[in-house]
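Have a look at the structure below before the remarks.
Readers should treat all values here as calculations from the given coordinates under stated rules, not as data from a laboratory. Computed from a prediction, not measured in an experiment: that's the story for all the values here. Ideal geometry is used to build each Cβ from the backbone, glycine not excepted, and the neighbour counts take in all protein chains shown.
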Amino acid sequence: MEALDPERISATAQRIRPWLAPTPVWPYFDDPSVQFKLELLQPTGSFKVRGYFAAALALPKSVLARGLLTVSAGNAGIACAYVAHQLGVRCRVIMVEDAPRLKVERVREWGGEAVLWPRRRVFEWMAEEGWRQSPENFLHPHLDLEMMAGHGTCALELMEQMEGLERVVVAVGGGGLVSGLAAALGARRPEIEIVGVQSDGYALWPAAIAAGGRVDLAPHTIADGTVAPYHPAMMDRLESAVDRWLVVPEARLHAAVRELALAARIVAEGSGALPLAALEQLEPGPKTALIVSGGNIDAGLLSSLLEEGNQAPAID
Ligand SMILES: Cc1ncc(COP(=O)(O)O)c(C=O)c1O
């Protein structure tokens with residue numbers, strides 16, 4: 001496993017600075033020890049744009065001109081299309097056909113070509129490294145070190161924004177985000193605890209760690225951004241990046257999206273609400289950042305989650 005050099009993350013931060021403003025932190029209700037890191041305020045609605053700018057800007061101009069290709073549950077595709085648009089090159093995104101409509105539309109709005117395939121075909125294409133046949137530059141959503149370095153820039157901001165930070169809670173899908181955060185934090189503040197969260201509707205990594213290797217699960221979760229396939233290289237990385245895994249019941253996740261929207265006025269998608277959903281499992285006290293990693297949620301899903309909260313409690 002090639003280590004992610006913290007110097008590379010600092011250099012990446014310089015490179016992407018002209019394109020992306022730092023995202024704010026915001027207090028968690030009345031508990032001063034907990035803050036939300038609002039990555040959903042990125043121009044594409046998720047942290048992914050950090051990594052795509054980082055990876056695309058690392059390419060020589062003549063190579064970049066061939067365009068960008070990625071594979072995505074949604075947010076990576078939006079980020080790739082946005083970056084390609086800003087840099088004036090074309091973009092193609094392989095997406096699962098049941099990706100949220102809003103995410104497919106956003107890819108197209110930024111001029112990206114969305115290619116929709118059944119999930120099985122997408123996962124097979126990834127396993128066979130189907131991109132090797134393609135003329136464009138393939139940017140891997142989690143295995144690419146430059147991508148992880150881009151995501152790691154979020155942690156550099158956090159260390160400046162939250163003095164005495166002790167714990168970072170973050171949703172995990174393919175593992176690129178948490179790997180970047182861990183590399184950036186580990187170099188300067190190794191005592192910070194990194195908590196990785198998944199839903200019990202797709203707790204791939206805790207299951208893979210328990211099984212000691214590959215598992216395949218059918219997803220049943222609104223945290224669509226976290227539905228990525230198993231990869232042995234990420235297993236090694238995640239075992240060193242994540243200090244503690246938490247699995248959140250899907251019903252709790254639904255309530256967390258609702259709480260964020262109604263009580264904190266933060267409209268997050270399922271993956272972005274996982275850290276808040278996990279908070280009740282953590283002992284209170286340590287200075288904690290909850291990464292609200294994305295806010296691209298279909299209006300229909302959001303309204304049904306808000307409605308769930310209006311259902312009358314059962315009378316017994
Ligand atoms: C909103 C959101 N949060 C978290 C993740 C997980 O990130 P990673 O796949 O890098 O682990 C994703 C991935 O798409 C996402 O879209």
Check: C-alpha center the stretch 50-79 vs C-alpha center the stretch 121-178, spacing in Å is 12
Suppose every Lys and Arg Cβ carries +1 and every Asp and Glu Cβ carries -1, with no other charges. What dipole size does the chain come out with about its Cα centre, to the nearest 20 debye? 1100
Which one of Ala187, Val292, Leu87 has its Cα pushed farthest toward the positive end of the charge dipole of the chain, where Lys and Arg give +1 and Asp and Glu give -1 at the Cβ? Leu87
Restricting to DSSP loop positions (anything but H, G, I, E, B) with no more than 13 other Cβ atoms inside 10 Å of their own Cβ, which GluC sites (Glu not before Pro) remain in the stretch 121-207? Glu128, Glu129, Glu163, Glu191
Looking at the stretch 145-221, which trypsin sites (Lys or Arg not before Pro) are in a loop (DSSP not H, G, I, E or B) and have at most 16 other Cβ atoms within 10 Å? Arg214
So which GluC sites (Glu not before Pro) in the stretch 1-57 pass both tests, a DSSP loop state and at most 11 other Cβ atoms within 10 Å of the Cβ? Glu2
For an R0 of 30 angstrom, estimate the FRET efficiency from the Cβ-Cβ distance between Glu308 and Ala3 and round to the nearest 0.05. 0.10
